[in-house]
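Take a look at the structure below.
Nothing in this text is a laboratory measurement; each read-out follows from the coordinates by a stated rule. Source: prediction; values computed, not measured. Positions of Cβ are generated from backbone atoms using ideal geometry, with glycine treated the same way; all protein chains shown enter the neighbour counts.
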Amino acid sequence: MRGMLLAAGIGVAFALAALPKDSPVAADFRDIAAQAGLRRAVPNGGDKSKKFIIETTGSGVAFLDYNNDGLPDIFVVSGDGGLSRLYRNDGHGTFTDVTEAMGITRMGWGEGVCAGDFDNDGFTDLFVTYWGQNVLYRNVGGKRFEDVTAKAGLTQSRRRYNTGCAFLDYDRDGKLDLFVSNYLDFDPAETPKPGANPYCWYRNMPVNCGPRGLPFESNLLYHNEGGGKFRDVSQSSGVGEPRQSYCLGVLTADFNDDGWPDIFVACDQTPSLLFMNRKNGTFSEEGLDRGVALDENGKALSGMGATAADYDGDGRLDIFRTNFSDERETLYRNRGGGEFDETTEAAGLARNTSFVGWGCVFFDYDNDGWPDLFLVNGHVFPEVDRLHIDIHYKDRPILYHNLANGKFEDVSLRAGPGLLERHSSRGAAAADIDNDGLLELLVNNQNEAPTLLKNAARSEGHWITLALTGVKSNRSAIGAKVRVTAGGRTQVDEVRSGGSYLSQNDLRLHFGLGAAQRVDRIDIDWPAGGRQTLRNVAADRVLAIQEAISE
Amino acid sequence: MRAIKHLAALALFAGVIWAQSPSEPPRLVEGLQKFHAGDLRGAETSFRAVLAAADNVTARAFLALSLAGTGRCEEAVPELRAQASNAPDAEVRRLTGLALLDCDTRAGRFAEAFRDAGSLKSMNPADADTLYETARLYNRAWNETLRELFERAPASFRVNQLSAEIFESQANYTAAITEYRKAIAKSPATIGMHYRLGRAILMQSHAPEAMTEARREFDAELQLNTSDAAAEYEVAEILIAQQHPEEAAARLEKAIQSDPEFPEALIALARLRSTAGRNGEAIPLLERAVKLAPRSQSARMSLMLAYRKAGRLEDAKAQKEALEKLVAPPGGEFSDFLKRLGEKNP
């Protein structure tokens, strides 16, 4: 049948790009990276062609407040040929490169980054993944970082292609454990060269091979034993079982609202994974059953990054995943109990299919109380530019405005000049770098300086940012579920390590409040089990909340 | 003229026969030795000597193979044809059949060649040589017919249509669209052309205008053939993308009415029902789709989720197991094969 034969291409062909409309957009994003001091290009493989897949996947970015001054600092992961850079936020819209001074020394093929206070000493630590040995940088009083990888028991016995990572307290013992996704088993000496086999071609051009055709690798889970030590529990937890998936972005959240953190992993050309926490130190992989492994056509897409938010205001965390060109992004709506329906098309997202998407962040740029969506793009094959088609190695990001009715509107082309610049971007993260109530966006661009997007538009919406500190729970409060009720609506989010594409958002939670000038109540479910409620809180400020252990 | 391509295999096989036939006439063994060594002319002399003394089925077969291998197909064909059907040994039937197929293909006797291929395939359904030679036959016949079309009817819209289809297969959609338009201009009432043009437009561009442009072509197709389920389906997909689910559902119902065995339309309609909160109506549609297309990942996935949503966990599990088999990546053998390919520098 004709329909049967041709149906495979239907989804990819439909695309409605961003169309300028007349409705106002409270977004005017400008790239302030250069004036802020982020001028150093980040090396990441070839720019005209790439011989190996390792050149295509790096790298992530992080916002973290390493010196506890209330201002998010910046960490930019580098590919081979450069140091990952740490920039201190000076508080005047500028950053100072403190990489060497702070003891960031590791070079190599850096991939991802995640942050969390693994030793509960009150200072946020950093974990950086590599093709090769990962690094755990312990934050020593905000004064320097110490490479404690070996001391912590995180030395790997062989060279692995580590990608995404996240700290999480999966057993709720008050200490942060660590999940690390792995892409594939990569050895340049064993990997075919461009054009060598059918998996090394793209649109009739020889390109770097993979991931298809390359061997799978397993994911890792490390349990925090205390005393600065981790123990590899990948096998006993079920996380490390061999799976036929090429894993990249990691997203943790309590998807089924049972109080225990689960793990979603975006996987490339293979089913994405959802590890559900069985509350006994083990996980069961249920991505297919719960509807997030494949798209609605039963196809495994090229999952890269993932982010979570309650986009439709029903109190449950939904999942958004970026994919390859000629695929659409995927939005999975949580219909309760951690069961998902794909709602990409119904939400108006199935419209940008010429992009290869990577970092993605739900964030409320206009403080209207509804999470909007930002994603960055850039093809894996620089060679694609030789084709002179509408798919590019360097491409612009996309901004979707949440219309508060379960749908999004693509406002990319009228949201400021910063969103029109083309880069081959990978990691992306959000933070309010100047605590003015509007979130900034940080993007890692291959072989270019990072992008730092600041929204120059003023928003009428009020806001609140919550900086949580655990006491019985882990100090970073990672896994704390927060419900903010204001103006008749309740929003939900969680403190999260990792996420996006191999990146780290500010650990503080930002909520847009719309017209509400006060927050009626803030309910916090701490990972250690306690619930804390604050009432009648003034808006438009950063509020520090420490876990009340008496409650 | 080149020697037949199976010479190496034949030579090896001749060696086997030679080794196993010490009681055969000395000139036959000598011929087989020469054949095995690739000396086909010398082998021919030996086989002719054997046959001058007495009839010998092996000598006849290998004489014919030697003749074919040295470019004298016409002389070889009668014996090859006889041996390919009647040789007592299955391997001799296969080898003479392959040589016969090669001779008929090269002579442009496509009707005979298709019969040769059919016969070979029925006897050796999984034989790589047979499948390879059959593929070459189809390729040769395709090229020959194309040449005839372009030479004998160069102004026909079919030339443009065929050009468009070739461009489409090469993912050159811009050129394909141009050729489809030329074909339609020459023959506006030909069924199927607007449909193909609409598809090419959608494949060519990710721009929003493409959808409107393609819709025009699908509508034009439906004017020519009001019961074209595939065109109806395409219109429905566009309507879904444009956020008009109710109109889309109506078009899908029409597509299914025109073609009740259209799995994609059943799946798309089921999804719309499910999204509208009518999961109970989605399930029978999806069950039909799975029955029609049991290897459709889309059907299996949608049915699995619909069952799960309805609380039918055992039914969902069965669909999941079927789906897992479908989405499993290529096994180790294929990956190893690719790796071996990769060992050769491009």
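Laid out as a table, the results:
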read-out: Least to most buried among B:TRP142, A:TRP109, A:TRP526, A:TRP201 (fewest other Cβ within 10 Å first); value: B:TRP142, A:TRP201, A:TRP109, A:TRP526
read-out: 14 Å beta-carbon shell around B:LEU51, net charge (K/R +1, D/E -1); value: -3
read-out: Distance histogram in 5 Å bins (all Cα pairs of the stretch A:153-227, percent per bin); value: 3, 15, 18, 16, 13, 11, 8, 7, 5, 3, 1
read-out: Three-way shape call for the stretch A:415-503 based on the alpha-carbon gyration tensor, with the a/c threshold at 1.5; value: oblate
read-out: Charge tally in the Cβ shell below 12 Å around A:GLY132, where Lys, Arg are +1 and Asp, Glu are -1, A:GLY132 excluded; value: +1
read-out: Unsatisfied cross-links (Cα-Cα over 22 Å) in the set A:LYS50/A:LYS394; A:LYS143/A:LYS481; A:LYS299/B:LYS320; B:LYS291/B:LYS325; B:LYS254/B:LYS317; A:LYS299/A:LYS394; value: A:LYS143/A:LYS481; B:LYS254/B:LYS317; A:LYS299/A:LYS394
read-out: Relative exposure of B:MET301, A:MET304, B:MET211, judged by other C-beta atoms within 10 Å (fewest first); value: B:MET211, B:MET301, A:MET304
read-out: Per-residue average of Cβ from other chains inside 10 Å of A:295-301; value: 6
read-out: Proxy reagent accessibility, fewest Cβ within 10 Å first, across A:TYR501, B:TYR132; value: B:TYR132, A:TYR501
read-out: Chain A: calculated mean residue ellipticity at 222 nm from DSSP helix runs of at least 4, using -39500 (n - 2.57); value: -500 deg cm²/dmol
read-out: Debye log10 I(q)/I(0) for the stretch B:154-341, one point scatterer per Cα, at q = 0.13, 0.16, 0.17 Å⁻¹; value: -0.82, -1.02, -1.07
read-out: Ordering of A:228-234, A:490-496, A:52-58 by packing [mean C-beta count within 10 Å, highest first]; value: A:52-58, A:490-496, A:228-234
read-out: Shape call, the stretch B:2-150: gyration tensor on alpha carbons, a/c limit 1.5; value: prolate
read-out: Net charge of neighbours whose Cβ lies under 9 Å from the Cβ of B:PHE157, counting Lys and Arg as +1 and Asp and Glu as -1; value: +3
read-out: Centre separation in Å (Cα based) which lies between the stretch A:210-232 and the stretch A:147-169; value: 7 Å
read-out: Partners for A:LYS175 among lysines (Cα-Cα distance below 16 Å; same-chain residues under 8 apart left out); value: A:LYS229, A:LYS279, A:LYS472
read-out: CD proxy at 222 nm, helix term only [per DSSP H run n ≥ 4: -39500 (n - 2.57); per residue of chain B; nearest 500]; value: -25500 deg cm²/dmol
read-out: Cα centroid of the stretch B:45-67 to Cα centroid of the stretch B:232-290, whole Å; value: 67 Å
read-out: Cα gyration tensor, the stretch A:273-328 - rounded (a/c under 1.5), prolate or oblate; value: oblate
read-out: Average partner coverage of B:321-327, which counts Cβ from other chains inside 10 Å; value: 3
read-out: Rh by Kirkwood over Cα pairs, then Stokes-Einstein D for chain B at 0.692 mPa s and 37 °C, µm²/s; value: 130 µm²/s
read-out: Whole-Å semi-axes of the stretch A:296-400's equivalent ellipsoid (Cα gyration tensor); value: 26, 16, 10
read-out: Within 10 Å of each Cβ in B:300-307, the average number of Cβ atoms from other chains; value: 4
read-out: Computed over the protein assembly as shown, Kirkwood Rh from alpha-carbon pairs, angstrom; value: 30.4 Å
read-out: Rg over Rh [alpha-carbon atoms, Kirkwood Rh] for the stretch A:220-314; value: 0.99
read-out: Euclidean distance between Cα centres, the stretch A:39-74 to the stretch A:305-372, Å; value: 24 Å
